[in-house]
Amino acid sequence: MRLTGRGIGVLVAAVLLYGGGELAGHPLLRAVAGAAVGALLAGVAMVVRHPRVSVRREVFPDRVERGRPALARLLVGNPGTRRQPGFTAREHGQHGADLAVSVRPLAAGGEAIHHYELPTRRRGRFTVGPLILERADPLGLVRRPLPAGDTATLWVHPKLHRVRAPATGHPRHHHEGPTTDDSLHGSADLRDVREYVVGDEVRHLHWKATARTGQLMVRDYVDPDHPRFTLLLDTRSKVLSENDFEEAAELAASLVNAAARAGHRCRLITSAGEDLATFGGVRAARSLLDVLSEVGQDPARDRPLIPEALSRKGVRGGGLVVVTGRAGPELRGLAVVRPHFSSMFVLGVGTHGLGMDGLGVHGVEGVPRARRISAADAAEAVGRWNEMMS
């Protein structure tokens, strides 16, 4: 139980009025002071009994794009046999905003459902709750907060744009493509028919070829390389301003979401050190977007554009997309990893430092067969990407 700002003012005024009445010998001042104290005591008596209710909160959806609506549903029940007066359910929202819901009085055994919208102006992972049940007197002098309910997690993903899935890597059943040791199971294709050697699977014997040649022949199965997509997100604060980095995060989210939903194996790497490899599918897209919801910039953690993870043996094949800002000399360092990928694109967002050639689609100096898109924001970059992929 605590006094509000108004209650503290009334208490101070009561003390001053009573003191002034004693010094001046004026009974009216003492009477007003007594009325003020009486109002405070009445407020205390009204809020001394805390709400005896059951509270449950649900957040839906628990993952939402930035700027899209996310709702919280508050279910309040009165399990007792007495009527419960109304109260306010309050919780500390995102970015310092307080969310308050006025809960009407509940009859014995009654229930009420209240909905309110959660702010989704910024991406990130946010903890919703716990709720504070608060009862106050009609004059707003005294209030009694009481924590209730558990917490919920709200994921605010970057805004997604309609983007064409990148056409990278070798087709799923390209019989002449290179093979890989970690291909998906169940994708073996017939590459050749050759002579049997000790250790070959007997079930792969090719009887017609054996009868024709007079020697044991076996079918040679291999796994073709599947479409794979690697994205490197530049998190350096010296290259991307805060606003430009939000555009870069939107662009990266749109690309990995399209690639994962198209069934490509995806890998998300940031210059700050994050590294997530996934198979394709909706769950993979959600995991990638979760990472992009929390990724941020920290000048103290600024590292070179090309992290160590990108040069590892396991990160190769398919296409590489680098999402960065201004075009600088450090892009020439991509020539080291260029032979590891079948294609490479550099997407730069921001309204300054785009290089002498300005906005549009260009090559990357010092990196053979790499293309660069320069755009003012994510929407423009996506538009140029879709034109290039069409």
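What trypsin sites (Lys or Arg not before Pro) in the stretch 1-69 are in a loop by DSSP, with at most 16 other Cβ atoms within 10 Å of the Cβ? Let's see the in-between values first.
Working: sites: 2, 6, 30, 49, 52, 56, 57, 63, 66; in loops: 49, 52, 66.
For trypsin sites (Lys or Arg not before Pro) across the stretch 1-69 that sit outside H, G, I, E and B with at most 16 neighbouring Cβ atoms in 10 Å, the list reads 49, 52.
Shape verdict for the stretch 1-149, please, from the Cα gyration tensor: rounded (a/c under 1.5), prolate (a/b greater than b/c) or oblate.
Oblate shape, in that a/c is at least 1.5 and b/c is the bigger or equal ratio.
For the stretch 234-267, the list of trypsin sites (Lys or Arg not before Pro) that fall in a loop by DSSP and count at most 14 other C-beta atoms within 10 angstrom reads 238.
Considering only 109, 129, 77, the Gaussian network model of the chain with Cα springs below 10 Å gives its largest mean-square fluctuation to 109. Computed 3J(HN,Hα) for the stretch 112-123, one whole-Hz value per residue from the Karplus formula 6.51 cos²θ - 1.76 cosθ + 1.60 where θ = phi - 60°, is 9, 10, 10, 10, 8, 8, 9, x, 10, 6, 10, 6, glycine and proline marked x. Computing mean projected area of the Cα convex hull in nm² for the structure here picks out one of [x] 32.3; [y] 26.1; [z] 30.5, namely [x]. Using a probe of 1.4 Å on the protein chains alone, the accessible area found for residue 60 is around 80 Å². The local environment of residue 276, defined by Cβ-Cβ distances under 12 Å, has a net charge of -1 under the rule Lys, Arg +1 and Asp, Glu -1.
Could you check which residue among 71, 133, 205 shows the biggest mean-square fluctuation in a GNM of the chain with a 10 Å Cα cutoff? Highest fluctuation among the options: 205.
Take residue 155: with every protein chain present and a 1.4 Å probe, its accessible area is about 30 Å². Solvent exposure of the chain amounts to 52 Å² per residue of accessible area, where only protein heavy atoms count and the probe is 1.4 Å.
The angle between the Cα long axis of helix 5-24 and the main principal axis of the chain comes to about 20°, on a 0 to 90 degree scale.
Annotation: amide H of residue 161 within the under-5 Å range of 254, sequence separation 5 or more or interchain, hydrogens built in the peptide plane. So what's the angle, to the nearest 10 degrees on a 0 to 90 scale, between helix 27-47 and the longest Cα principal axis of the chain? Tilt of helix 27-47: around 40 degrees. DSSP bridge analysis restricted to the chain gives an antiparallel fraction near 70%, rounded to the nearest 5. Residues whose amide H falls under 5 Å from that of residue 348, counting only those 5 or more places apart or on a different chain, are 324, 373, 374, 375, with hydrogens built in the peptide plane. Annotation: amide H-H contacts under 5 Å for residue 131 (H modelled 1.01 Å from N, sequence separation of 5 or more, or interchain): 148. For the chain, the longest principal axis of the Cα atoms and the long axis of helix 282-294 meet at an angle of about 60 degrees.
Given the options 344, 15, 231, identify the residue whose Cα lies farthest towards the positive end of the charge dipole of the chain (+1 on Cβ of Lys, Arg; -1 on Cβ of Asp, Glu). So the residue furthest toward the plus end is 15.
The values are calculated or read from the model by the stated rules, or taken from the named source; none is laboratory data. Computed from a predicted model, the values in this text were never measured in an experiment. When we count neighbours, we look across all protein chains shown, and the Cβ atoms used for this are built from the backbone with ideal geometry, even at glycine. Each accessible area value is taken on the protein alone, full model and side chains, heavy atoms only, with ligands, DNA and RNA left out. Shrake-Rupley method; radii C 1.70, N 1.55, O 1.52, S 1.80 Å.
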